[in-house]
Amino acid sequence: MWLLLAFCSAALLGCYDVCKKQALRNNAVVPVLTLNTLFCTLIFMPCVVASRMGMFDVGHLLYVPHCSLREHAFIVLKAVIVLSSWLCGYLGIKHLPLTIVGPINATRPVMVLVGALLVFGEHLNLYQWMGVTLAVVSFFMLSRSGRREGIDFRHNRWIALVVLAAALGAVSGLYDKHIMAPVGEGGVGLNRMAVQSYYNAYQFVLMAAVMLVMRRVQARRVRQAAAQGAPLPAATAFRWHWAIPLISVFLSVADFAYFYALSLPGALISVVSMVRRSSVLVSFTVGAIIFHEKNLRAKAFDLFLVMLGMLFLYLGSR
């Protein structure tokens, strides 16, 4: 059951990436991300309300327990980390081919492994080192593939943002390991539904504040330009697209399936994490078919190296 849920989560994550790319084409990033956090909040807030009203009992799949101020502080920090990753990732995926963004995101388990090495003092075995090496080689070869499309990995800010988004995502994974681990094992012991429900709400509050500040800054620039008779500052207009709410739906269900899979007896986090990264196969295929992206043969080989590296990470984690 848990393995089936892991594959479902991977497929949904692939659809999530496709919807992000579709929604952000010629569209403003901040409003799309704000709506994404709003819809995610609306999906999970009924669980909070139902739990408070006694409609869900303790032990129910969707029950959200009370959290102390200290626990909410941990969730707010997670919201900041994830939102920073999302903002960087949204900006990057808007300006880059999905067949480049996907393989970069697929290297996130390597970043988690290196983070565990540095933060938790874990030691890598031979298979894990082989996985890390393959991920580095695949990134180098992906940069060569990108150069054929005029994308210089060393000087392209969108590539830097995608890499930063993946790194922050890895930080979030390590942070999840800490806050959801049992207290007896040195963790915080937060409930998975509490984390998933509240951090979405905090992200919406943060993004609403960001959008409000940006609107005021833009309005001030327009007034200054009008007073000086200068051209109005350029800004990408927001337009509604059906893919925007689907971003939230696919992400929420994918994360729910992921957390639920990990909660089942016998679930192996090394297997679940590797299967979840196979979402890149969905986004890569759709990027090739729907978005008609270029240089697919070379990118497919780069992707093969990434997945081979993930296989070695799995073998090293058994």
(request) Counting only C-alpha contacts under 8 Å and six or more residues apart, can you give the relative contact order of region 101-167 as a whole percent? (result) 47
(request) Whole Å is fine, so just give me how far the alpha carbon centre of region 182-211 lies from that of region 67-146. (result) 19
(request) Measure off, as a whole percent, the carbon and sulfur share of the 1.4 Å-probe accessible area of the chain, all protein chains present. (result) 68
(request) Report the calculated FRET efficiency for LEU69 and THR236 (r = Cβ-Cβ distance, R0 = 22 Å), to the nearest 0.05. (result) 0.05
(request) Could you estimate the translational diffusion coefficient of region 67-179 from the Stokes-Einstein equation, with Rh from the Kirkwood formula over C-alpha pairs, at 4 °C and 1.567 mPa s, in whole µm²/s? (result) 85
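Taking the Cβ of SER172 as the centre, find all other residues whose Cβ is under 11 Å away and add up their charges (Lys, Arg: +1; Asp, Glu: -1).
On the way: positive: LYS78, ARG108, LYS177; negative: ASP176.
The answer is +2.
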(request) Any chance you could run the full-extension gain for PHE304 through GLN218? It's 0.36 nm times the residue separation minus the Cα-Cα distance, nm to one decimal. (result) 26.5 nm
(message) Rounded, prolate or oblate for region 37-76? Axes are the square roots of the Cα gyration tensor eigenvalues, ordered a ≥ b ≥ c, and the cut-off for rounded is a/c under 1.5.
(response) oblate
(message) Would region 13-110 count as rounded, prolate or oblate if I go by the C-alpha gyration tensor, calling it rounded below 1.5 in a/c and otherwise prolate when a/b exceeds b/c, oblate otherwise?
(response) prolate
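Compactness ratio of the chain: Cα Rg over 2.2 N^0.38 Å, N = residue count?
Values: Rg = 20.4 Å, N = 318, 2.2 N^0.38 = 19.6 Å.
Dividing the Cα Rg of the chain by 2.2 N^0.38 Å gives 1.04.
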(request) Go through 5-16, 68-79, 211-222 and give me the packing order, highest mean Cβ count within 10 Å leading. (result) 5-16, 68-79, 211-222
(request) Output the DSSP H helices from the chain with an along-axis C-alpha extent of no less than 24 Å and a mean Kyte-Doolittle hydropathy no less than 0.5. (result) 2-24, 29-52, 69-95, 126-147, 157-179, 243-263, 296-317
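What percent does the relative contact order of the chain come to when contacts are Cα pairs within less than 8 Å and at least six residues apart? Display every interim value, and only then the final one.
Details: 403 pairs, mean separation 134.0, N = 318.
For the chain, the relative contact order is 42 percent.
The values are calculated or read from the model by the stated rules, or taken from the named source; none is laboratory data. The model shown is predicted, which means the values in this text are computed figures rather than measured ones. Every residue, glycine among them, receives a Cβ derived from its backbone with ideal geometry; neighbour counts consider all protein chains shown. SASA here: full protein model, heavy atoms, side chains in, ligands and nucleic acids out. Shrake-Rupley method; radii C 1.70, N 1.55, O 1.52, S 1.80 Å.
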